[in-house]
Amino acid sequence: MEKRGDSISNYAYFCFYYKTQSIMDRYSIDLNRKLPIGVQTFEIIRKEGFLYVDKSALIWQIANRGRVYFLSRPRRFGKSLLLSTFESYFEGRKDLFEGLAIAELEKDWIQYPVLHLDLNAEKYDAPERLGIIINSYLAQWENKYGRSEGEDSLATRFAGVIRRAYEQTGRGVVVLIDEYDKPLLQAMFNEPLSEEYRNALKAFYAVLKSSDRYLRFVLLTGVTKFSHVSLFSDLNQLNDITMDVQYSAVCGITEEELIATFTPEIEQMSKSNDLSFDETVAYMKEEYDGYHFSRNSPGMFNPFSVLNSFYKQEFENYWFRTGTPTFLVELLKRSDYDLRELIEGVEATSDIFMQYRVESDDPIPVFYQTGYLTIKDYDKEFRLYKLGFPNNEVRYTFLEFLIPLFG
């Protein structure tokens, strides 16, 4: 005969078991679905089975409609992954694109020589820092394609590598430059250092114009677009697609892509937060959507915040937590701009936020290019853009952090 103590013990175990099972069911994650948080290499994403929002049709279109491009997007918006995907495409890695849209578009899968320069992983606080990182890349390329006598500057060595890569392979060279503006942003308020970096990069990037005959494709990405007079005066053939509506979705996630790619994650998010599927999507739109990169473009979700929210099953301010750019903080210190005006939105012409001039104290172009403001409306008659906060994540964290600091 079962004793009363045993009965109570069994009942307690029964309650504990089913409560534990309920919690596990509520927060269970499909381990076969891997979220690519911090993964910026296309090959790793495809080989290791990470989820991928298919941008390959746009990549094919860009690659086959032109040759020399510039694209600006806020930090953590997928620029590095985009360049990595272009690298795999131009290396002819057909195996990595199986099942994607580009597999139906590309027939040849030609392998081109690719020179991929990433300026993001360095701290540019001294004159030699820029030379060190560029020299390391040049040395790698020269080990493969050789070096000629008389190539004693970064620019002449770059030109030599491009020419020899073309001659040795018989195919045009692909040049991909990630975060082209990182040295200039970090040295923005150190005029002697900024001038040194500007002169070095101006000569280095000018090679892309003089080497045009040897090139198949060029793409530079960054956060800001410095004015032509300061950097791009010798590289004026760049096709700036930053605000082209047909390429507005090349970085970030549309609502359609969110649902098509992440339905299981949305369903799990719904369970974890006692919301319906539609309520979860609507809440995510309020928190992480709303970036517009042209006046007619669809709203884009911030991919960094989306992936982190799915992983942690919480609606938090993930993008803002990665840090306010130091150059933006310094710019605000030097400006007397009243940040409270941003609450109602501001008006701007296209020129004011498509280029940034170092000598200007106007923070609006930087606010737009760094993702704190986005396009909300456009007045066709007066050709004025209405800029405002893209979503709640930016709005509330901006009000809580920046306005008390500088207001």
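The values are calculated or read from the model by the stated rules, or taken from the named source; none is laboratory data. Please read these numbers as outputs of a predicted model, since none were measured by experiment. Counting neighbours? That spans all protein chains shown, and the Cβs are built from the backbone with ideal geometry, glycine included.
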>> Please go through region 288-313 and give me each residue that is under 16 Å from residue 72 (Cβ atoms), buried (at least 21 other Cβ atoms within 10 Å of the Cβ) and among the hydroxyl-bearing types (Ser, Thr, Tyr), ordered by number.
In response: 291
>> Go through region 380-407 and report how many residues are closer than 14 Å to residue 349 by Cα and touching a Phe, Trp or Tyr at 6+ places or on another chain (Cβ under 8 Å).
In response: 4
> What are the residues in region 69-90 that are assigned to a strand (DSSP E or B) and not aliphatic (A, V, I, L, M), if any?
Replying inline: 69, 70, 72
>> Could you go through region 96-109 and let me know if any residue there is assigned to a helix (DSSP H, G or I), under 25 Å from residue 192 (Cα atoms) and at pLDDT 95 or above.
In response: no
>> With the requirement that a residue be farther than 23 Å from residue 284 by Cβ, of a type in the set (A, V, I, L, M, F, W, C) and at pLDDT 80 or above, what does region 344-399 give you?
In response: 346, 348, 364, 366, 367, 382, 384
>> Among the residues of region 136-189, what is the count of those that are outside any helix (DSSP H, G or I) and either on the phi < 0 side of the Ramachandran plot or touching a residue at least 40 places away in the same chain (Cβ under 8 Å) (or both)?
In response: 20
> Pick from region 267-287 the residues that are touching a Leu at 6+ places or on another chain (Cβ under 8 Å) and under 17 Å from residue 389 (Cα atoms): which of them is surrounded by the fewest Cβ atoms within 10 Å (Cβ to Cβ)?
Replying inline: 283
> So which residues in region 273-308 are small (Gly, Ala, Ser) and touching an Asp or Glu at 6+ places or on another chain (Cβ under 7 Å)?
Replying inline: 294, 299, 305
> Given the structure, is residue 179 closer than 26 Å to residue 84 by Cβ and surrounded by 15 or more Cβ atoms within 10 Å (Cβ to Cβ)?
Replying inline: yes
>> Cβ-Cβ distance below 6 Å, separation of 6 or more or different chains: which pairs start in region 81-100 with a residue that is at positive phi and end on one that is of a type outside the set (Gly, Ala, Ser)?
In response: 92/109; 92/110; 92/111
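Quick grid of which residues meet (1) surrounded by fewer than 17 Cβ atoms within 10 Å (Cβ to Cβ); (2) in a helix (DSSP H, G or I); (3) at pLDDT 55 or above:
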| residue | (1), (2), (3) |
| --- | --- |
| 7 | yes, yes, no |
| 11 | yes, yes, no |
| 29 | yes, no, yes |
| 36 | no, no, yes |
| 39 | no, no, yes |
| 64 | yes, yes, yes |
